[in-house]
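One structure is given below, encoded as structure tokens.
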Amino acid sequence: MKSTTVHNLALAAAFAGLLGGTSARLNAQTTAQNSAPSANAGLILVAQNQAPALPKHSCKGKNDCKGQGGGDAKHAGKNSCKGKGACATDGSKTPKV
Amino acid sequence: MTLLEFQRRMAEDVSRPLTAGFMMQEVGPDGSSVAESVANYVKPNGRLSSFERLEIYNRQYWFRLIAAVSEDFPALNAMLGPKRFDELILNYLEENPSTSFNLRDLGAQLPSWLEDHPEFTGAHLDLAVDVARLEWAYIEAFDRAAMPPLDETDLAALQPTSVLALQPHLQLLALRYAAEKVVLAVHKNKPDVDIVSSAVIERKTSRQVRLPKPRRSLTYLVVHRYQNSVYYRRIDRGAFLLLSAIREGKPLAIVVDKAFCQSGLLPSARAKKIRQYFVHAAELGWLIANPA
């Protein structure tokens, strides 16, 4: 008799948990675009949607810095920086002319 | 020699295992000279003999397979070092050759195979096996199916005799070490690169990573996919047993008893834990209706 009570208590807890968890998930989907459960998902093992980190570059005299950042608003991401070293992202300085 | 005979002959020679030094074998399985038999159907040129020409294909075939498996086990690679890892993979592939058009499945048997081959891991066998199991769990979690999770209609029909199932992408692991620390350390140091060059860079960086040395302790993990990323979550033994019982297809009435079958917890504390386990599993969509 006692073990039946314990078993029923556990079973009731399972149903209550299923109901609570499912409601929480469905509510999160309709309100906050899944934001609530993501905190409970655990730690990320490998992220799939990370933007790739841009490589560091010196830019000096090179023509491959297009789209790689660095420089001022006028020159960033363009090849007009060729030979100037102005948009280096590796910490190197603009050469003195 | 017909075209079919030629194709079969070349496939056999190209897929023959390499020597320990990663070169084409000079003696065939029947004891005959490979150089002589290859000369019957491969022309030499000004710089390379028939044997040398075919050796290029033989080596590339195996290097591609080795690279495919290596990409799936970067932490194991970092842990063992490239030389011992390459040797391990070569031996693994000799015993577990590719049987599918899909290279994705090539490393599936590696964790269990490794368990029977301590000669490749030295004193770190258990940790190496745990790392391999976690890395394979990542592959499974990444691309196994995601089914619609339980909804209100499913819940309304639930009985104590009902059987639930887990998401196909969800992986349950009982490890002897906190292997996730090793895997995370390697991935943290892995640069973001395009897919073509990833194998080369991965092997370079694997050697440079300073790996943690986790202590031996029973670790229960769920590895699962959530919003296109793979997560791992530590769970306690009760949750592991409960989720394992669901995966085994046990009805709910049995599942709740499995979680604490050898526990001294008070009934009220058990009930509280069981409720928490189900709240969490249902919230993350881990539970699905039984597909059977």
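The values are calculated or read from the model by the stated rules, or taken from the named source; none is laboratory data. Just so we're clear, the structure is a prediction, and the values are computed from it rather than from any experiment. Cβ placement follows ideal geometry from the backbone for every residue including glycine, while neighbour counts extend to all protein chains displayed. Surface areas here come from the heavy atoms of the whole protein model, side chains and all, with no ligands, DNA or RNA. Shrake-Rupley method; radii C 1.70, N 1.55, O 1.52, S 1.80 Å.
For the structure I just gave you, tell me whether B:Arg237 is among the basic types (Lys, Arg) and modelled with pLDDT of 90 or more.
Taking the combined requirement at face value, the residue satisfies it.
In this structure, is B:Asp126 within 12 Å of another protein chain (Cβ to nearest Cβ) and in a helix (DSSP H, G or I)?
No, not satisfied.
So, in segment B:1-18, exactly how many residues are assigned to a loop (DSSP other than H, G, I, E, B) and open to solvent by 50 Å² or more (accessible area, probe 1.4 Å)? Working first, answer last.
Applying the first criterion (assigned to a loop (DSSP other than H, G, I, E, B)) to segment B:1-18 yields B:1-2, B:15-18.
With open to solvent by 50 Å² or more (accessible area, probe 1.4 Å) added as a condition, the list becomes B:1-2.
Residues flagged as assigned to a loop (DSSP other than H, G, I, E, B) and open to solvent by 50 Å² or more (accessible area, probe 1.4 Å) within segment B:1-18 amount to 2.
Please determine whether any residue of segment B:213-221 is in a loop (DSSP other than H, G, I, E, B) and open to solvent by less than 30 Å² (accessible area, probe 1.4 Å).
Yes, there is a match, as at least one residue in segment B:213-221 is in a loop (DSSP other than H, G, I, E, B) and open to solvent by less than 30 Å² (accessible area, probe 1.4 Å).
Tell me which residues, restricted to segment B:23-47, are loosely packed, with under 14 Cβ neighbours inside 10 Å and assigned to a loop (DSSP other than H, G, I, E, B).
Listed by number, the residues that qualify are B:Met23, B:Glu26, B:Pro29, B:Asp30, B:Gly31, B:Ser32, B:Asn40, B:Lys43, B:Pro44, B:Asn45, B:Gly46, B:Arg47.
Within segment B:129-180, which residues are of a type in the set (A, V, I, L, M, F, W, C), open to solvent by less than 30 Å² (accessible area, probe 1.4 Å), under 15 Å from B:Leu284 (Cα atoms) and away from chain A (no Cβ under 11 Å)?
Within segment B:129-180, B:Ala165, B:Leu166, B:Leu170 qualify.
Mind listing whichever residues of segment B:233-269 are touching a residue at least 24 places away in the same chain (Cβ under 8 Å), farther than 19 Å from B:Leu173 by Cα and in contact with a Leu (Cβ under 8 Å, 6 or more places away or on another chain)?
B:Leu252, B:Ala253
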